[in-house]
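Just so it is clear, none of the values below were taken in a lab; they were calculated from the coordinates. It should be emphasised that the depicted structure is a prediction, and the values quoted were computed from it without experimental measurement. Every residue, glycine among them, receives a Cβ derived from its backbone with ideal geometry; neighbour counts consider all protein chains shown.
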Amino acid sequence: MRCANSERAAIVLLIVAAIQAVVLGTAVKVTDADEVHLAKDLEQSFRLARENNPTHAALWAATQHELNCCGVNGPGDYRSSNLPDYFPPNIPIACCPKYDPDRSELVQEREREFCKAKKTYYDIGCKEQVLEGFRASAKLVLAITVSLIVFEVLLAITSSILYKKVKKYKSRRSGDGDPHSKP
C-alpha cells in the first residue's frame with residue numbers, strides 16, 4: 001500500500017507543478033498596464049505625503065533615503081509653482097545624501113537647508129527605481145517558482161523510479177522462497 005501512495009504522490013507533484021506553471025505564466029508577467037498602475041499609485045502616495053499624511057510621508061522618506069532618489073519624477077516635484085526656477089525646490093531631508101533618520105529634527109533641518117542651498121540633493125526621481133525593483137522582484141519570483149517546478153518534477157520522476165524498483169524487488173523477493181517473506 002505504501003508504494004501505491006508513492007505513485008500517487010508523484011502524480012500529485014506533477015499536477016502541482018503543472019498548476020504552478022499555469023499560475024506562473026499569468027501572474028508573474030509584468031505588463032505595461034501593471035507599470036502604469038504602479039506609477040499612478042506612486043503619484044497618489046506622493047500627493048498624500050505632500051499633504052502631510054503621516055503614513056505616506058514616512059513611506060516616502062524611507063523610499064527616497066533607501067533608493068537615493070527624490071520625488072516621483074525628480075526633485076522638481078517639490079518645486080512650488082509660484083517660485084521661479086532659480087530657487088531650489090523645497091525638498092525634504094530624505095532627498096539629501098546626509099539624511100540620517102536617527103538624528104534630531106533640528107539637526108536634520110539644518111542639514112536640509114544646507115543640502116538645498118548647495119543643491120546636493122538626489123537629482124533623480126524614484127519612479128523608475130521603484131519600477132525596476134518591481135520588475136526585479138517579479139524575475140526573482142519567476143526564478144524561484146521555476147526552480148520549485150523543476151524540483152517537483154524531478155522528485156516525481158525519482159519517486160516513480162523508486163516505486164518501480166521497490167515493486168520489482170518485492171515481487172522477486174516473494175517469489176524466491178525466502179522464509180521471512182509473507183505469502
- Item | Given charges at beta-carbon only (K, R positive; D, E negative), |dipole| of region 131-179 in Debye | 300 debye
- Take the cross-link list LYS29/LYS98; LYS98/LYS127; LYS29/LYS119 and give me the ones stretching past 28 Å between alpha-carbons. LYS29/LYS98; LYS29/LYS119
- Note on the structure: In the chain, whole DSSP H helices that both stretch 15 Å or further along their axis by alpha carbon positions and average at least 1.0 on the Kyte-Doolittle scale are 2-27
- Straight distance only, please: which aspartates and glutamates reach the Cα of LYS164 with their own Cα at less than 18 Å, same-chain residues fewer than 8 apart left out? GLU7
- Query: Which whole-number percent is the relative contact order of the chain (Cα, under 8 Å, 6+ apart)?
  - Reply: 32 percent
- What number, in nm² with one decimal, is the all-direction average of the projected area of the convex hull of the alpha-carbon atoms of the chain? 17.2 nm²
- Message: Less than 14 Å from a label point 7 Å out along the Cα-to-Cβ axis of ASP34: which backbone N atoms in region 136-161 qualify, by residue?
- Response: 136-146
- Query: What does the charge dipole of the chain about its Cα centre add up to, to the nearest 20 debye, if the Cβ of each Lys and Arg holds +1 and the Cβ of each Asp and Glu holds -1?
  - Reply: 1520 debye
- Note on the structure: The farthest towards the positive end of the charge dipole of region 1-137, of the residues LEU14, CYS126, CYS69, given +1 on Cβ of Lys and Arg and -1 on Cβ of Asp and Glu, is LEU14
- Query: Of the peptides 15-21, 93-99, how do they stack up when ordered by the mean number of other Cβ atoms within 10 Å, highest first?
  - Reply: 93-99, 15-21
